[in-house]
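What follows is a short report on a single structure.
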Amino acid sequence: MSHALLRDASLYDVLLALDHDLAAEVRAGGCAFCGGRLDSARYPRKPRGGPEDLGPEYAFRLSFCCARKGCRLRATPPSVRSLGRRVYLGAVVVLVTAMVSGITAARAARLRELLAVSVRTLQRWRIWWRQTFVASAFWRGGRGRFMPPVAVDTLPASLLSRFAGADEQTRLVQTLRFLGPLTAPRGAAGAGSSMGGGDPQTMRLAPRRPRS
């Protein structure tokens, strides 16, 4: 995969559409605690690494809050745009870490120029994939869906390669869909979304929506 994909506007259109679909699924289910109506309670984010013209919707994380007085439980859906609380977009964290097989001075300089990613940040991402991610309950439960097993020492490149798709954008989006449950706050409504179910190697994408 190449860094040019991270400058492709169509990638971010697809990811935004998927996030809205996931949010609609959570909102339709109502409050997980009392069944009350969920109202929009999105909160600001300042994502890094994407094109400069992402648009105003990328400045917010979709989230909801129960409208019933005395409850007000927050429900934050999974996201394919974010990867937990990281300030860099999920696509950047996945793709850049996959591209860096040994951080050379030339590679680090190029990535710093394109995405403002420091060598220290790249090293943290690599450690997260090889240590924290592989030890997570999510991966322990999901790794069995891949046969043969995904090679841990080459994550996330080895994970990207296991998804079907005619082009690199499709494979990246499929990977982000698979990782989606990791992005929902623990215990939040939406954490158990159908996004993480089924065979991850045959997932289908949501229809692409036009840019407004």
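The values are calculated or read from the model by the stated rules, or taken from the named source; none is laboratory data. Note that the structure is a prediction, hence the values are computed from the model and not measured. With ideal geometry, Cβ positions are generated from the backbone for all residues, glycine too; neighbour counts draw on all protein chains shown.
Before moving on, here are some points about what is shown:
- Scanning segment 151-160 finds one or more residues that are surrounded by fewer than 16 Cβ atoms within 10 Å (Cβ to Cβ), of a type outside the set (Ser, Thr, Tyr), modelled with pLDDT of 90 or more and part of a loop (DSSP other than H, G, I, E, B).
- For segment 93-114, the criterion of being in contact with a strand residue (DSSP E or B) (Cβ under 8 Å, 6 or more places away or on another chain) and more than 14 Å from Pro156 (Cβ to Cβ) is satisfied by no residue at all.
- Qualifying residue in segment 163-184 (condition: charged (D, E, K, R), surrounded by fewer than 20 Cβ atoms within 10 Å (Cβ to Cβ) and farther than 19 Å from Ser10 by Cβ): no
- Tally of residues being over 15 Å from Pro78 (Cβ atoms), under 15 Å from the mean Cα position of the chain (by Cα) and at pLDDT 95 or above across segment 14-59: 1
- Single condition Glu52 does not satisfy, out of (1) assigned to a loop (DSSP other than H, G, I, E, B); (2) charged (D, E, K, R); (3) in contact (Cβ under 8 Å) with a residue 24 or more places away in the chain; (4) surrounded by fewer than 21 Cβ atoms within 10 Å (Cβ to Cβ): (3)
- In segment 1-21, the residues that are within 13 Å of Val94 (Cβ to Cβ) reach residues that are hydroxyl-bearing (Ser, Thr, Tyr) with C-beta atoms within less than 9 angstrom, at least six apart or across chains, in these pairs: Leu15/Ser79.
- If the condition is being in a loop (DSSP other than H, G, I, E, B) and under 30 Å from Cys71 (Cβ atoms), then segment 1-45 contributes Gly29, Gly30, Cys31, Ala32, Phe33, Cys34, Gly35, Gly36, Arg37, Ala41, Arg42, Arg45.
- With respect to the stated conditions, Leu114 fails to be under 23 Å from Ser10 (Cβ atoms), under 16 Å from the mean Cα position of the chain (by Cα), aliphatic (A, V, I, L, M) and modelled with pLDDT under 95.
- The selection criterion, being at pLDDT 95 or above, closer than 17 Å to Leu172 by Cβ and assigned to a loop (DSSP other than H, G, I, E, B), holds for Val80.
- Qualifying residue in segment 85-106 (condition: closer than 16 Å to Leu182 by Cα and modelled with pLDDT under 85): yes
- Residue in segment 188-204 that is of a type in the set (Ser, Thr, Tyr) and modelled with pLDDT of 80 or more present: no
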